[in-house]
Each structure stands twice: as structure tokens, then as C-alpha cells.
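Okay, so here's the structure we're looking at.
What follows draws every value from the coordinates through simple rules; no lab data is involved. Just so it is clear, the structure is predicted and the values come from calculations on it, not from any experiment. When we count neighbours, we look across all protein chains shown, and the Cβ atoms used for this are built from the backbone with ideal geometry, even at glycine.
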Amino acid sequence: MAHNSMKTVAKEFPVDAGVDRKDRQKLAKMLTRIVGSSHVLYAKTRGVHWNVVGPTFYSLHKMTEEHYEDLHVANDDMAERIRAIGFAAPTGITEMIEHSVITDQEKLLPANEMVKELVEDHEKMARLIRDGVAAAEEVEDVKTADLLTERIGVHEESAWMLRATIS
């Protein structure tokens, strides 16, 4: 009996918490874009963390570690929100990249260029998440709006700290 339970696949749940199915489905698609983008940013941030060199090595190494740890937790929260509103969260690197507004890091760059790209990526995330907040507020999904609103500030602060480090 136990092994049969392992054969189940995540599917849509019926949810009756005050937001219509079509609106929840649109929010799930938006959250999938945000999770995919955040996951790609997480991977790029890890790459900078591992490969940064130069006079700002220590501060960037520490800062990027804080950033990727935060992204990891936030991604989990946002993917779980997709499940809570009734839909399957994204699975696998290919799906994350396909839905991402952040481009994958395909080659090693000088430290200042990698950090400059992270600044731009955090700003892209803030813009994308701002759209997500607007979409959630439009259908009165206050929980999703609240979850995402907090993320805007995190990305704006991350962009500022990284920008200040390479200025």
C-alpha cells in the first residue's frame, strides 16, 4: 500500500477560499514566472559567490551568500504558494529557465561584469514582482500580494548593495 502512494502526481486541487479558479490559475502562471526567474537568479548568484576574485572578494563572497540563501527560502515560499492556491509548482531547470525573465549565465565574466549583471537582474525581479503584486491585488488575493510585496524591497536592497560595492 505504501508504495502506491509514491506513484501519485501533483495536480490541481479544488480550492474555495474566495478567489476564482481562473484568477488563481493566472496567479499561478505569474508565480511560476517569478519562481523560475528567482531560481535562475539564485544559480547566477551562486556562480558569482564561487568565482568572484579581486579586492572586493570577501565582501562580495559574503554578500552573495546572504543573497542566495534568501533566494532559496523565498523560492520555496513562492512555490508553496502556487501549491496552496491549487496548482503544480514548476519542476526542473528547463522549466525554470523557460519561464524566467533572468537570462542564464553561460560563461564566466570578470567580477565587475558579473555583479553588474546581478544588479540588473535584481531590478528585473523587482519589476516582475511588482506586476505580480498588481495581479494579486486585482483579484483580492492579499496573501500572495503580501508575500510578493516583501520581495520587491529585498531585490531593490540587493541591487543597491551590489551597485554600491562596484561603484
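Please rank Lys143, Lys22, Lys44, fewest neighbouring Cβ atoms within 10 Å first, as an exposure proxy.
Sorted ascending by nearby Cβ count, the order is Lys22, Lys143, Lys44.
For Asn112, what is the net charge nearby, where nearby means another residue's Cβ is under 14 Å from its Cβ and Lys, Arg count +1, Asp, Glu -1?
The answer is -1.
Add +1 for every Lys or Arg and -1 for every Asp or Glu among the other residues with Cβ under 13 Å from the Cβ of Asp141, and state the total. Provide the component values of the computation, followed by the final result.
Values: positive: Arg21, Lys22, Arg24, Lys26, Arg81, Lys143; negative: Asp20, Asp23, Glu137, Glu138, Glu140, Asp146.
So the environment of Asp141 carries a net charge of 0.
Going by alpha carbons, how many degrees (0 to 90, nearest 10) lie between the helix axis of 111-138 and the longest principal axis of the chain?
The two axes meet at around 30 degrees.
Which aspartates and glutamates have a Cα lying under 17 Å from the Cα of Lys116, excluding residues fewer than 8 positions away in the same chain?
Cross-link targets: Glu65, Asp104, Glu106, Glu156, Glu157.
Once you charge only the Cβ atoms, +1 for Lys and Arg and -1 for Asp and Glu, what is the size of the charge dipole of segment 17-166 about its Cα centre, to the nearest 20 debye?
260 debye
Run down the aspartates and glutamates and flag those whose C-alpha is under 15 Å from the C-alpha of Lys62, throwing out any fewer than 8 positions away in its chain.
Asp70
With a 10 Å radius around each residue's Cβ, average the other Cβ atoms per peptide and rank 63-74, 89-100, highest first.
Top to bottom by mean Cβ count within 10 Å: 63-74, 89-100.
What spacing in nm lies between the two simple spin-label points modelled at Val53 and Asp20, each 7 Å away from Cα in the Cβ direction?
It is 5.8 nm.
With a Förster radius of 41 Å, plug the Cβ-Cβ distance of Lys116 and Asp77 into 1/(1 + (r/R0)^6) and report the FRET value to the nearest 0.05.
Once the sixth-power term is evaluated, E becomes 0.90.
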